[in-house]
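Okay, structure first, notes after.
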Amino acid sequence: MSTTKSRDPKTGPARGTSRRWVTWTLAAAALAIALVALFGIFSGATTPKNAGTAKNYDVGQPGPGQAAPVFTLEDTTGRQVSLGDYKGKNVLLYFQEGLTCQPCWDQLTSLEKDSAKVKAAGVDTVLSITTDPADLVARKTRDMGLTTTVLSDPSLTVSEKYSANEYGMMGAMRDGHSFILVGPDGTIRWRADYGGAPDYTMFVPVDNLLADLKEGIRP
């Protein structure tokens with residue numbers, strides 16, 4: 001007579017597979033929770049609701065009262081654009097982190113949306129400067145429907161002249177989130193570097209930005 005016992009399905013391979021499935025599910029859930037937490041930390045650090053208030057920015061060099069370094073950079077159409085092209089106008093230079101920073105592009109969107117307020121504050125033109133290649137920037141602006149002139153500074157030549165790459169999360173390899181108002185005579189009238197530690201602000205509501213400008217602008 002055979003003494004072989006039949007396998008209990010509750011203790012066989014099916015049960016082992018079930019246990020592994022539960023383990024994998026719990027691990028996936030833990031990973032998802034961690035990713036959500038990290039996203040919350042990052043988004044909270046880059047787009048604080050009170051950004052731009054209570055002088056929540058640094059003022060780098062060159063600063064107000066100093067001559068703005070001249071430059072010529074390529075825009076998204078391949079055209080060479082010089083600061084001197086805007087002589088006689090108030091030009092707001094917006095140095096930003098670039099393609100990896102969606103809040104930076106949201107900033108451009110908000111500036112365009114509130115262009116009437118920006119002009120009423122005395123700004124004639126906005127020029128944005130990033131270290132990304134012009135062709136990739138062109139694709140980004142096209143996808144977002146942006147019309148602001150964005151200039152490419154891949155060698156950081158201009159960014160370093162303005163020390164704009166000293167105020168951001170990526171160290172000196174990219175610009176932070178800096179605004180510099182250059183007056184009609186080529187003199188810097190106002191500067192705000194929002195992207196520095198500890199907040200690393202990458203978005204400033206337009207009303208807050210213009211309030212800071214109005215308060216700190218040099219005649």
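The values are calculated or read from the model by the stated rules, or taken from the named source; none is laboratory data. Because the structure is predicted, anything quoted here is derived from the model rather than measured. Counting neighbours? That spans all protein chains shown, and the Cβs are built from the backbone with ideal geometry, glycine included.
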Among the residues of the stretch 78-104, which ones are assigned to a loop (DSSP other than H, G, I, E, B) and at pLDDT 95 or above? 78, 79, 87, 88, 89, 90, 97, 98, 99, 101
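Yes or no, residue by residue, for (1) basic (Lys, Arg); (2) in contact with a strand residue (DSSP E or B) (Cβ under 6 Å, 6 or more places away or on another chain); (3) modelled with pLDDT under 95:
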{"position": "162", "(1), (2), (3)": "no, no, no"}
{"position": "169", "(1), (2), (3)": "no, no, yes"}
{"position": "175", "(1), (2), (3)": "no, yes, no"}
{"position": "178", "(1), (2), (3)": "no, yes, no"}
{"position": "181", "(1), (2), (3)": "no, yes, no"}
{"position": "194", "(1), (2), (3)": "no, yes, no"}
{"position": "219", "(1), (2), (3)": "no, no, yes"}
Mind checking which residues of the stretch 88-124 are farther than 22 Å from residue 219 by Cβ and either of a type in the set (Asp, Glu) or not assigned by TED's automatic domain parsing to the domain that holds residue 154 (or both)? 97, 106, 112, 114
If you scan the stretch 140-156, which residues turn out to be of a type in the set (S, T, N, Q) and under 10 Å from residue 73 (Cα atoms)? 152
Restricting attention to the stretch 108-152, which residues are touching a strand residue (DSSP E or B) at 6+ places or on another chain (Cβ under 9 Å), within 21 Å of residue 89 (Cβ to Cβ) and of a type outside the set (A, V, I, L, M)? 112, 115, 122, 124, 125, 128, 148, 149
Residue list for the stretch 180-190, filter: farther than 16 Å from residue 71 by Cβ and either buried (at least 21 other Cβ atoms within 10 Å of the Cβ) or among the basic types (Lys, Arg) (or both): 189, 190
Tell me whether the stretch 150-160 contains one or more residues that are out of contact with any Cys (no Cβ under 7 Å at 6 or more places or on another chain) and acidic (Asp, Glu). yes
Within the stretch 105-121, of all residues that are aliphatic (A, V, I, L, M), more than 14 Å from the chain's Cα centre (by Cα) and part of a helix (DSSP H, G or I), the one surrounded by the fewest Cβ atoms within 10 Å (Cβ to Cβ) is 116
Just name the residue that is surrounded by the most Cβ atoms within 10 Å (Cβ to Cβ) out of those in the stretch 191-219 that are assigned to a loop (DSSP other than H, G, I, E, B) and among the charged types (D, E, K, R). 199
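From the residues in the stretch 123-157 that are among the small types (Gly, Ala, Ser) and free of Cβ contacts under 8 Å to residues at least 60 places away in the same chain, which one is surrounded by the fewest Cβ atoms within 10 Å (Cβ to Cβ)?
145
Yes or no, residue by residue, for (1) within 17 Å of the chain's Cα centre (by Cα); (2) assigned by TED's automatic domain parsing to the domain that holds residue 190:
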site	(1), (2)
65	no, no
82	no, yes
86	no, yes
126	yes, yes
133	yes, yes
143	yes, yes
146	yes, yes
161	no, yes
Quick one: in the stretch 158-179, of everything that is surrounded by 23 or more Cβ atoms within 10 Å (Cβ to Cβ) and polar (S, T, N, Q), which residue is nearest to residue 65 (Cα to Cα)? 178
